[in-house]
Amino acid sequence: MRGSGPLERAGLALLLMAAGAGARPRPAAPGDQPRSNVVLVACDSLDGRLTFFPGNQTVDLPSINFMKRHGTVFLNAYTNSPICCPSRAAMWSGLFTHLTESWNNFKGLDPGYVTWMDLMEKHGYHAQKFGKLDFTSGHHSVSNRVEAWTRDVDFLLRQEGRPMVKLTGHRKHVRVMEADWRNTDKAVNWIKEEAVNLTQPFILYLGLNLPHPYPSPYAGENFGSSTFLTSPYWLEKVNYEAIKIPKWSSLSEMHPVDYYSSYTKNCTGEFTKEEVRNIRAFYYAMCAETDAMLGEIISALRDTGLLGETIIIFTADHGELAMEHRQFYKMSMYEGSSHVPLLVMGPGVREQQQIPNVVSLVDIYPTMLDIARIPVPQNLSGYSLIPLLRAKAESKASRPSWALSEFHGCNVNASVYMLRTGKWKYIVYSDGSSVPPQLFDLTADPDELTNVAITFPVIVHSLDKILRSIVNYPKVSSSVQEYNKQQFISWKQSLGHNYSSVIANLRWHQDWLKDQKKYENAIDKWL
């Protein structure tokens with residue numbers, strides 16, 4: 001990143017951008033050719049490895065395959081923070097998480113932050129959005145934020161119910177995730193009734209909840225558990241024979257942060273191979289339903305004659321572990337959690353192209369501005385994908401060869417930083433010394449089962465030097481620890497005498513109530 005200043009200056013720089021202040025050079029636009037329409041479909045929790053071989057053998061995803069045939073797929077696209085709000089804050093701001101200070105699902109961008117969509121609208125685009133946004137502060141449950149604030153407390157409490165699967169409906173039951181389908185319908189109707197009549201280019205955003213697991217049930221033994229829910233219709237799209245049962249380390253051999261994550265996600269108990277296979281199959285079926293919603297958007301653009309003049313981008317905020325490394329959900333730098341889908345098709349985009357370059361979601365912001373022919377400000381963390389999409393010679397020279405992801409939220413008891421470059425994935429925790437780092441050779445070990453950090457100290461030193469040139473991670477980790485403590489103190493004081501009752505009945509209540517005084521004392525000691 002070049003010229004990375006504090007977030008306050010970032011907002012000002014974006015506002016000045018209209019006059020071209022501090023703008024990066026941008027590829028010349030061809031003549032007076034009209035600007036393309038843009039559609040961004042962003043889903044939640046889709047493992048990017050499902051969009052290319054061999055992951056694409058597990059489930060039928062015809063819309064994604066259509067985009068691959070008629071456009072480009074990125075083989076190494078990453079989230080900048082593997083959890084909903086911080087990831088989306090990075091995508092909508094173009095800034096790394098340590099710059100947005102989106103430390104958890106409760107803390108994102110300020111409501112008035114200038115996003116790429118705001119700038120496109122200011123520069124003549126008609127802007128329309130439907131569905132899940134989740135990039136501003138103040139959302140998600142009290143449990144979610146308290147679990148993040150208290151991650152440094154010396155206790156270990158299960159924060160989730162055991163992951164489970166549920167089959168619903170019949171073999172013709174298509175619309176399982178009704179809220180997503182309603183938003184898809186709204187987007188389709190808008191394309192057919194309004195977009196088709198516009199005299200200006202448009203930017204359309206559709207945010208989907210799928211294939212994020214469903215939070216259910218709300219009572220009983222599995223209170224707070226996540227349910228992988230689908231119908232027989234979607235389950236038939238899954239190739240059970242191709243489902244890979246992940247290898248697990250024994251609990252005693254797990255990295256200490258992985259053990260904390262697995263325990264708080266209620267995954268340290270026994271799981272049969274059939275249970276694991278079903279969780280993965282149901283998750284893939286939910287991905288198939290997501291793909292069908294993308295297909296509805298593509299069909300609407302084709303039916304209205306807009307497909308040829310519209311750039312379509314499909315991505316996700318993060319992936320889903322689906323029981324890899326003895327975990328579900330995300331909040332991890334392992335591939336299932338951090339690797340996201342990124343496909344682009346439309347005018348000027350090469351067809352049937354696979355791009356191996358490492359990219360990340362902060363690249364969406366400058367890419368949108370590039371498409372709209374708006375000068376790209378220097379202070380962004382990301383770089384436009386347009387040179388890569390159009391196979392320009394200067395694309396390799398102008399962008400870094402690494403991607404950064406970081407995580408500071410719940411279910412992980414240390415700030416985590418991941419540098420992805422070449423065949424290497426380097427993961428470092430907290431201050432870099434109190435928790436052992438991890439190094440994976442993704443070419444030799446794509447399943448990330450063997451930490452080779454001790455074997456390759458020179459590589460570790462080199463990658464750590466690059467990481468520290470991007471972010472002073474010990475300082476950031478310390479800032480997050482102080483933020484968590486101050487937020488918890490403020491929350492505790494706001495509850496007054498109700499504090500003991502409220503904290504005892506959050507998602508961790510089943511463990512908490514076994515020894516309430518012990519856990520309250522642990523928090524007092526931390527404070």
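Listing for the model above:
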| read-out | value |
| --- | --- |
| Filter result (open to solvent by less than 60 Å² (accessible area, probe 1.4 Å), among the aliphatic types (A, V, I, L, M) and touching a residue at least 60 places away in the same chain (Cβ under 8 Å)) within segment 165-195 | VAL165, VAL174, VAL176, MET177, ALA187, VAL188, ILE191, ALA195 |
| Residues satisfying the stated conditions in segment 367-392, i.e. crowded, with 24+ Cβ neighbours inside 10 Å, of a type outside the set (A, V, I, L, M) and part of a helix (DSSP H, G or I) | THR367 |
| Residue that is surrounded by the most Cβ atoms within 10 Å (Cβ to Cβ), among those in segment 294-316 that are hydroxyl-bearing (Ser, Thr, Tyr) and out of contact with any Gly (no Cβ under 7 Å at 6 or more places or on another chain) | THR315 |
| Listing of helices (runs of 4 or more DSSP H) fully contained in segment 48-125 that carry 3 or more residues being hydroxyl-bearing (Ser, Thr, Tyr) and farther than 14 Å from VAL362 by Cβ | none |
| Residues that are open to solvent by less than 10 Å² (accessible area, probe 1.4 Å), free of Cβ contacts under 8 Å to residues at least 40 places away in the same chain and farther than 30 Å from ALA195 by Cα, drawn from segment 85-133 | SER102, GLY108 |
| Segment 475-527, subset of a type in the set (D, E, K, R) and closer than 19 Å to TYR263 by Cα, residue least open to solvent (accessible area, probe 1.4 Å) | ASP511 |
| Count - residues of segment 456-465 that are in contact with a Pro (Cβ under 9 Å, 6 or more places away or on another chain) and either among the hydroxyl-bearing types (Ser, Thr, Tyr) or surrounded by fewer than 16 Cβ atoms within 10 Å (Cβ to Cβ) (or both) | 0 |
| Qualifying residue in segment 56-75 (condition: modelled with pLDDT under 95, more than 26 Å from HIS123 (Cβ to Cβ) and surrounded by 14 or more Cβ atoms within 10 Å (Cβ to Cβ)) | yes |
| Every pair of residues 6+ apart whose Cβ atoms lie under 6 Å, when the first sits in segment 241-262 and is of a type in the set (Gly, Ala, Ser) while the second is surrounded by 18 or more Cβ atoms within 10 Å (Cβ to Cβ) | ALA242/THR58; SER261/GLN327; SER261/ASN411; SER261/VAL412; SER262/ARG326; SER262/GLN327 |
| Test for PRO400: is it part of a loop (DSSP other than H, G, I, E, B), open to solvent by 10 Å² or more (accessible area, probe 1.4 Å) and more than 30 Å from VAL153 (Cβ to Cβ) | yes |
| Of all residues making up segment 147-180, the number that are closer than 18 Å to LYS518 by Cβ and not in a loop (DSSP other than H, G, I, E, B) | 1 |
| Residues of segment 422-436 satisfying the condition of being in a strand (DSSP E or B), in contact (Cβ under 8 Å) with a residue 60 or more places away in the chain and in contact with a helix residue (DSSP H, G or I) (Cβ under 7 Å, 6 or more places away or on another chain) | TYR429 |
| Among residues of segment 272-292, those that are among the aliphatic types (A, V, I, L, M) and surrounded by fewer than 19 Cβ atoms within 10 Å (Cβ to Cβ), counted | 0 |
| First in segment 495-511 and within 20 Å of ARG158 (Cβ to Cβ), second anywhere and of a type in the set (Gly, Ala, Ser), Cβ under 6 Å, 6 or more apart | LEU506/SER143; ARG507/SER143; ARG507/GLY224 |
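The values are calculated or read from the model by the stated rules, or taken from the named source; none is laboratory data. On a predicted model such as this, the values are computed, not experimentally measured, just so you know. Every residue, glycine as well, gets a Cβ built from its backbone with ideal geometry; the counts of neighbours run over all protein chains shown. Just the protein is used for accessible areas: all its heavy atoms, side chains included, with ligands, DNA and RNA removed. Shrake-Rupley method; radii C 1.70, N 1.55, O 1.52, S 1.80 Å.
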